[in-house]
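Input: a single structure, listed below in structure tokens.
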Amino acid sequence: MSNDVAVLGVGMHPWGKWGKNFVTYGVHAARAALADAGIPWTDVDLIVGGETVRNGYGGYVAGATFAQALGWNGASVATSYAACATGAQALDTARARILAGLCEVALVVGADTTPKGFLAPNAGERWDDPDWLRFRLLGMTNPAYFALYARRRMDLYGATQADFAQVKVKNAKHGLHNPNARYRKEVSAHDVLSSAVVSDPLHLLDICATSDGAAAVILTSVDYARRHGIAAPVKVKAVSTVTPTFPNTVMDMPNLSTDSSAVAGVPARTFKESIAHAAYEEAGIGPEDVSLAEVYDLSTALELDWIEDLGLCKRGEAETLLRAGDTTIGGRIPVNPSGGLACFGEAVPAQALAQVCEVTWQLRGQADGRQVEGARVGVTANQGLFGHGSSVILAV
Amino acid sequence: MTQASTPAIEGWFTTGDSPALIGSRCTACTTVFFPRTAGFCRNPVCAGESFEEVELSRRGRIWSYTDAQYQPPPPYIPTHADGEAYAPFALAAVELAEGITVLGQVADGYGVDDLRVGDEVELVVETLYTDETGDRLIWRWLPLDAGHATELGQEADA
């Protein structure tokens with residue numbers, strides 16, 4: 001039996017700083033996805049919300065909040081939280097229920113409003129919470145973790161700050177015509193390199209902003225799609241939401257230390273490599289089959305890490321791809337044709353779904369101004385706090 | 001150190017002439033954890049439920065490093081007096097012989113120009129901030145191979 005489900009509709013609320021409630025963004029995206037699918041809201045029999053942790057109780061029960069705002073229709077409800085992988089986990093819940101025959105049409109929605117500046121932990125003293133302790137004891141911000149990874153690329157593989165800047169230049173160009181992107185302006189390497197250093201070696205323009213935004217996906221059974229006259233929809237081939245395998249030996253946000261490898265040994269794959277590996281295994285394909293990738297460029301340098309974690313080149317060779325233009329639209333394996341987080345900024349519970357929306361548009365040939373010609377297979381990747389991460393593979 | 005100096009967090013490191021981080025070693029599988037742990041061993045193939053305290057290696061090698069050129073948000077506590085400028089500090093992730101990588105600030109007076117991936121560092125204890133009880137102490141990593149770069153003129157021997 002096939003484990004495919006169909007993506008019948010996708011939609012977003014444009015990323016930005018709009019000063020509105022997250023529910024407004026979520027409903028906008030949901031209605032856009034329903035319209036894209038040509039399905040009335042009353043046909044949806046499962047709604048899955050991506051939880052937002054910065055918007056009070058309504059955010060904790062996001063699935064029900066969106067359902068009420070759309071008008072109660074009696075659908076089953078679920079809400080997921082998995083940090084940056086929230087949207088993918090919500091998608092996985094919807095997919096599993098469809099494949100189990102427990103529902104036919106699922107709406108998956110993530111939306112957020114985000115504060116200005118550094119993402120900081122919730123208030124109050126929490127001496128047993130690493131996310132609090134890393135600020136109190138070390139002053140270790142999110143960009144500082146990104147900077148650790150960036151510096152390793154420099155000291156181990158000879159990456160330069162100019163390489164990192166080139167990732168931003170590329171993504172800014174990709175996102176120029178994306179109507180949902182927040183930043184639609186060309187950026188030069190000089191702009192990046194002359195912006196303030198936040199955490200050495202990363203400049204301000206190497207680091208993604210935080211944004212308001214929303215994304216929604218309509219998932220259905222393949223049978224439902226066929227009955228509605230869509231014989232060859234974009235299909236979800238894999239959703240990987242694996243946790244790390246002990247010992248997790250790479251310093252991960254928000255931890256102050258790694259697991260010890262002294263007894264258990266260093267695992268065959270790092271956590272990020274294992275996220276991608278599980279997705280490929282489930283889809284029954286390999287990196288060589290991929291037409292494009294949407295990866296979580298919280299920093300420019302992190303995009304280079306992801307290219308290797310996804311197996312699109314060997315470890316230490318991502319800069320070679322970048323310099324050759326291979327990861328630019330028109331190149332061998334375009335990365336972040338949407339413009340990525342560089343052009344969007346991060347809206348946590350919406351971001352993994354936004355990646356799925358972009359891949360869907362690419363596979364349908366509807367990515368105006370940023371189309372990857374002949375795209376057949378797209379892969380997404382992200383990682384969040386506390387052992388969360390995801391990779392989704394879509395294909396036509 | 002004055003008598004009023006106390007660790008900023010209890011039970012994570014020793015003070016004195018040869019300070020060290022305090023970890024927990026599972027009495028069944030001998031896996032070491034830092035910060036200390038109790039209850040259940042997190043090695044998935046181990047059923048251990050008892051731990052003994054161990055001091056971790058005082059020296060290790062830099063896995064990576066960076067700095068904080070902007071003042072971090074609360075609960076970080078600024079170290080400079082009101083009216084003084086914020087002074088950036090460096091951070092390093094250090095691989096220890098126990099197979100653990102541990103983050104820490106870099107010792108006073110050293111910046112990213114003094115660090116390289118793979119360089120050796122040693123644990124020292126310095127003042128993180130000062131509150132009504134006196135100096136609050138934290139572990140830091142002191143570069144031992146910093147000869148190739150400039151010192152910033154502050155005393156670095158702890």
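The values are calculated or read from the model by the stated rules, or taken from the named source; none is laboratory data. None of these values were measured; they are calculated from a predicted model. Reconstructed Cβ throughout: ideal geometry from the backbone, glycine too, with neighbour counts over all protein chains shown.
Residues of segment A:370-387 that are farther than 22 Å from A:GLU288 by Cα and either surrounded by fewer than 23 Cβ atoms within 10 Å (Cβ to Cβ) or outside the structural domain of A:ALA283 (by TED's automatic domain parsing) (or both): A:LEU385, A:PHE386, A:GLY387. Against the numbered list (1) in contact with a Pro (Cβ under 6 Å, 6 or more places away or on another chain); (2) assigned to a helix (DSSP H, G or I), A:LEU363 comes up short only at (1). Residues satisfying the criterion are absent from segment A:337-348 (criterion: of a type outside the set (Val, Ile, Thr), in contact (Cβ under 8 Å) with a residue 60 or more places away in the chain and surrounded by fewer than 20 Cβ atoms within 10 Å (Cβ to Cβ)).
Among the residues of segment A:1-31, just one is in a helix (DSSP H, G or I), of a type in the set (Ser, Thr, Tyr) and surrounded by fewer than 18 Cβ atoms within 10 Å (Cβ to Cβ), namely A:THR24. Does segment A:68-112 hold any residues that are surrounded by fewer than 24 Cβ atoms within 10 Å (Cβ to Cβ), farther than 20 Å from A:TYR296 by Cβ, hydrophobic (A, V, I, L, M, F, W, C) and touching a strand residue (DSSP E or B) at 6+ places or on another chain (Cβ under 7 Å), and which are they? Hits for segment A:68-112 are A:ALA75, A:VAL77, A:ALA78, A:LEU99, A:CYS103.
The residue of segment A:27-75 that is modelled with the lowest pLDDT, among those that are touching a helix residue (DSSP H, G or I) at 6+ places or on another chain (Cβ under 7 Å) and of a type in the set (Ser, Thr, Tyr), is A:THR52. Name the single residue that is farthest from B:TRP141 (Cα to Cα) among those in segment B:17-49 being among the polar types (S, T, N, Q) and more than 10 Å from every other protein chain (Cβ to nearest Cβ). Among those residues, the one meeting the criterion is B:THR27.
Applying the set (1) closer than 29 Å to B:VAL94 by Cα; (2) out of contact with any Lys or Arg (no Cβ under 6 Å at 6 or more places or on another chain) to A:ALA159 leaves exactly one unmet item: (2). Listed by position, the helices (runs of 4 or more DSSP H) enclosed by segment A:230-328 that each have at least 2 residues that are hydrophobic (A, V, I, L, M, F, W, C) and either out of contact with any helix residue (DSSP H, G or I) (no Cβ under 7 Å at 6 or more places or on another chain) or within 14 Å of chain B (Cβ to nearest Cβ) (or both) are A:271-283, A:300-309. Scanning segment A:149-165 for residues that are within 9 Å of chain B (Cβ to nearest Cβ), out of contact with any Phe, Trp or Tyr (no Cβ under 7 Å at 6 or more places or on another chain) and either in a loop (DSSP other than H, G, I, E, B) or in contact (Cβ under 8 Å) with a residue 24 or more places away in the chain (or both) gives A:TYR149, A:MET154, A:LEU156. Every condition in (1) among the hydroxyl-bearing types (Ser, Thr, Tyr); (2) buried (at least 22 other Cβ atoms within 10 Å of the Cβ); (3) more than 24 Å from A:ASP43 (Cα to Cα) holds for A:THR220 except the one numbered (3). Checking A:SER188, A:SER195 one by one, the residue that is free of Cβ contacts under 8 Å to residues at least 24 places away in the same chain, surrounded by fewer than 17 Cβ atoms within 10 Å (Cβ to Cβ) and in contact with a helix residue (DSSP H, G or I) (Cβ under 9 Å, 6 or more places away or on another chain) is A:SER188 and no other.
Looking across A:VAL192, A:VAL198, one residue alone is within 14 Å of chain B (Cβ to nearest Cβ) and either in contact with a Lys or Arg (Cβ under 7 Å, 6 or more places away or on another chain) or part of a strand (DSSP E or B) (or both). It is A:VAL198. A:HIS203 passes every criterion in (1) in contact with a helix residue (DSSP H, G or I) (Cβ under 9 Å, 6 or more places away or on another chain); (2) crowded, with 16+ Cβ neighbours inside 10 Å; (3) without any contact (Cβ under 8 Å) to a residue 60 or more places away in the chain; (4) more than 24 Å from A:VAL348 (Cα to Cα) apart from (4).
A Cβ distance below 8 Å, combined with a sequence gap of six or more or placement on separate chains, defines the contacts here; from segment A:1-16, residues that are closer than 30 Å to A:ALA342 by Cβ reach residues that are in a loop (DSSP other than H, G, I, E, B) and β-branched (Val, Ile, Thr) in the pairs A:LEU8/A:ILE39; A:LEU8/A:ILE230; A:GLY9/A:ILE39. Against the conditions (1) among the acidic types (Asp, Glu); (2) buried (at least 20 other Cβ atoms within 10 Å of the Cβ); (3) within 14 Å of chain B (Cβ to nearest Cβ), A:ASP212 satisfies every one except (3). Here A:LEU219 meets the list (1) in a strand (DSSP E or B); (2) within 14 Å of chain B (Cβ to nearest Cβ) almost entirely, failing just condition (2). Restricting segment B:50-72 to residues that are in a loop (DSSP other than H, G, I, E, B) and in contact with a Gly (Cβ under 7 Å, 6 or more places away or on another chain) leaves a set whose member that is nearest to the other protein chains (Cβ to nearest Cβ) is B:PRO72. Listed by position, the strands (runs of 3 or more DSSP E) enclosed by segment B:80-142 that each have at least 3 residues that are surrounded by 18 or more Cβ atoms within 10 Å (Cβ to Cβ) and within 12 Å of another protein chain (Cβ to nearest Cβ) are B:89-96, B:101-106.
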